[in-house]
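Some notes on the structure that comes next.
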Amino acid sequence: MIDIKLLRNEPDIFKKACADKGYEDKVDELLALDSDIRKFKQELQDIVTEKNSAGKTIAKLKDPAEKKAAIEKMNSMKGREKELGDILADLDPKLEQMLLRMPQPCSPESPVGKDESCNVERRQVGQIRKFDFEPKDHIELGTTLGIIDLERGVKLAGSRNYVLKGAGCMLHRAVMNLAHDTMVAKGFEPLSVPVATREETFMGTGWFPEGKEQVYHVTADDLFLVGTAEVPVTSLHSGEILDLEQLPMKYVAQSLCFRREAGAAGKDTAGLYRVHQFEKVEQVIICKNEPAESEKWLQTIVANSEEVMQKLELPYRVLEICTGDMGMAKYRMYDIETWMPSRNAYSETHSASNLHEFQARRLNLRYRDENGRVQFCHTLNNTVVASPRILIALIEMYQNQDGSITIPEALKPYMCGIEKIG
RNA sequence: GGAGAGAUGGCAGAGCGGCUGAAUGCAACGGUUUGCUAAACCGUCGUGUGGGAAAUUCCCGCACCGCGGGUUCGAAUCCCGCUCUCUCCGCCA
């Protein structure tokens, strides 16, 4: 949610945000509606003020005739009051809907561009492996080794589902554990959170109303399956006014993640790249409303994830996401893409965002600052690791000519003695 | 799944038509006292929003006692609907 006062005072900021992010510019429409509403509210408030004071005098009137006259006068005001109430009942939700869809302005650092082709590579780390044999893809390797079973996954749950078996399952758990432990060692507080949550958590984190078709709806209980732990974790303190000493809050949560992938038909259908259910270790920061502070945390959470990638010795690059590719809610965003031999490309494995106060406003997530004033927090999040997508890189990069897979050093402590698969 | 209870400020907990934006206690903050700490005492102490001003710490108004609607001149208080929470029984990792 954006700050409507800022929009009134500096509409151009939001006109630019709409243009940058490729949203229809409804700034003027919103301002006109807001101005109407304010006029009606003022009039309504004046009537209510008069009624309130009249009501108090009625209570004190002794003479029945006087009392009756006063009550009649009061009743005469009700017509306009009702009329204004009806007008506002119609207009207020319209304004609310427009506000929910008004994009947050981007950081001036963010490259301006219309889509992912305008994203800017900030750095590449690690060497892309040059194979001295013909490398196989993760589907062939995993199926042959019996550690990935796509057919039975589809039998159980339809397309974009999979089963991890034996050492494949262990590898998956090993990556999650490495990521989780790395974050705990950095002082992040681990959380285990619900993955089927109420609509308000999605609305509050900005996933709804726009992304509703991407989310599984458990209709019997009117809950929604989260696509990321960002949703419950960022919502954890919604409606609260935090003490300054509680900030920054640094959370890490491993959770199941569910995505309907509606509209992605035909895209990345094979293998473990785009699936309906996966697991992710997510880091979330709730900090003070200071751009320098949240910017520092953005860089920190990107570095945290890079550290895990370096432990895994996987080559990756860091992309700064351009304005048109970052979505309504975000202020500044990076993706980490990991090299995947079968795709012959760096492919998205991580997504880091600084939301500024956008989510905090929707969640009513606040704190009391040094001067005792109530402020909205800033919120940020980043993937630490998501599996099985990361397994594509691991399996393919660590394959040997004979179809076996070497376990990276960093994962060995989590593999119960397995040093090689196959 | 069956039965019942409840939703009030940071927390606990009164109020059950006008004097209640809300008693009281705790917590928090400021101060007095004290060799220090504690205690005691005094004071302050919700959020949002509209307007005014010597302009974020002052003044006035409005809204908020789970949410929405109704009755009434007037609702935290009465009525209706919804949501949520808790307790007991049953089932259960």
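What follows draws every value from the coordinates through simple rules; no lab data is involved. Note that the structure is predicted; figures quoted are calculated from it, not measured. Here the Cβ positions follow ideal geometry from the backbone for every residue, glycine too, while neighbour counts run over all protein chains shown.
If you take the Cα centroid of the range A:86-151 and the Cα centroid of the range A:232-250, the two points sit 26 Å apart.
Orientation-averaged projection of the range A:248-380 equals 9.5 nm² [convex hull of Cα atoms, one quarter of hull surface area]. Axis of helix A:11-21 versus longest Cα principal axis of chain A: the two differ by about 30°, to the nearest ten degrees. Here the Karplus relation 6.51 cos²θ - 1.76 cosθ + 1.60, evaluated at θ = phi - 60°, turns the backbone of the range A:397-402 into coupling constants of 6, 9, 6, 10, 4, 7 Hz, with x for every Gly and Pro.
Give me A:151, A:306 sorted ascending by neighbouring Cβ count inside 10 Å, so fewest comes first.
Sorted ascending by nearby Cβ count, the order is A:151, A:306.
Angle between the Cα long axis of helix A:166-185 and the longest principal axis of chain A, 0 to 90 degrees, nearest 10? Tilt of helix A:166-185: around 50 degrees. Within the set A:5/A:94; A:165/A:280; A:21/A:267, which residue pairs have Cα atoms separated by over 26 Å? Distance filter (> 26 Å) returns an empty set. Look at the alpha carbon pairs under 8 Å that are at least 6 residues apart: their mean separation over the length of chain A gives a relative contact order of 20 percent. With K and R counted +1 and D and E -1, the other residues having a Cβ less than 13 Å from that of residue A:317 yield a net charge of -4.
For the range A:1-53, the calculated P(r) over all alpha carbon pairs, in 10 Å bins from 0 to the bin holding the longest distance, is 22, 39, 21, 13, 5, 0 percent. Seen through its C-alpha gyration tensor, with square-root eigenvalues sorted a ≥ b ≥ c, chain A comes out prolate because a/c lies at 1.5 or above while a/b is bigger than b/c. Each of A:201, A:300 was scored by other Cβ atoms within 10 Å of its Cβ. Arranged with the fewest first, they read A:300, A:201.
Taking K and R as +1 and D and E as -1, what net charge do the other residues with C-beta under 12 Å from the C-beta of residue A:242 add up to? Don't skip to the answer; put the middle values down first.
Details: positive: A:288, A:366, A:368; negative: A:240, A:243, A:245, A:369.
Net local charge, residue A:242 excluded: -1.
Just checking the listed ones, A:90, A:325, A:28: in the Gaussian network model of chain A with Cα springs under 10 Å, the one fluctuating most is A:90.
Bridgeable lysines around residue A:62 (alpha carbons under 20 Å apart, same-chain partners fewer than 8 residues away excluded): A:51, A:73. Could you identify which residue out of A:176, A:340, A:74 has the top mean-square fluctuation in a GNM of chain A using Cα springs shorter than 10 Å? Among A:176, A:340, A:74, the largest GNM mean-square fluctuation belongs to A:74. Of the residues A:396, A:66, the one with the fewest other Cβ atoms within 10 Å heads the list, and the complete ranking is A:66, A:396. Label the range A:377-422 by shape, choosing from rounded, prolate and oblate, from the square roots a ≥ b ≥ c of the eigenvalues of the Cα gyration tensor; if a/c is under 1.5 it is rounded, and otherwise prolate applies when a/b is larger than b/c, oblate when it is not. Because a/c hits 1.5 or more and a/b exceeds b/c, the range A:377-422 counts as prolate.
Does the range A:140-214 come out rounded, prolate or oblate, given a ≥ b ≥ c as the square roots of the eigenvalues of its C-alpha gyration tensor, rounded meaning a/c under 1.5 and, failing that, prolate meaning a/b above b/c? The shape class here is oblate. Over the Cα atoms of the range A:1-119, the radius of gyration divided by the Kirkwood radius equals 1.28; this is the Rg/Rh ratio.
Under the criterion of Cα pairs below 8 Å and six or more residues apart, the relative contact order for the range A:1-94 equals 28 percent. The helix-based estimate of mean residue ellipticity at 222 nm for chain A, built from -39,500 (n - 2.57) per DSSP H run of four or more residues and divided by its residue count, is -13000 deg cm²/dmol to the nearest 500.
Our summary gives the range A:257-415 a relative contact order of 28 percent, counting only alpha carbon pairs under 8 angstrom and 6 or more residues apart.
Here each label is just a point 7 Å from Cα along the line to Cβ, and for residue A:98 and residue A:75 those points are 3.9 nm apart.
Charge tally for residue A:89 (other residues, Cβ to Cβ under 13 Å; Lys, Arg +1; Asp, Glu -1): -3. Model label points for residue A:270 and residue A:192, set 7 angstrom from Cα along the Cα-to-Cβ axis, are 3.8 nm apart.
Against the longest principal axis of chain A, how steep is helix A:291-312, in degrees 0 to 90 to the nearest 10, with axes from Cα atoms? For A:291-312 against chain A, the angle is about 20 degrees.
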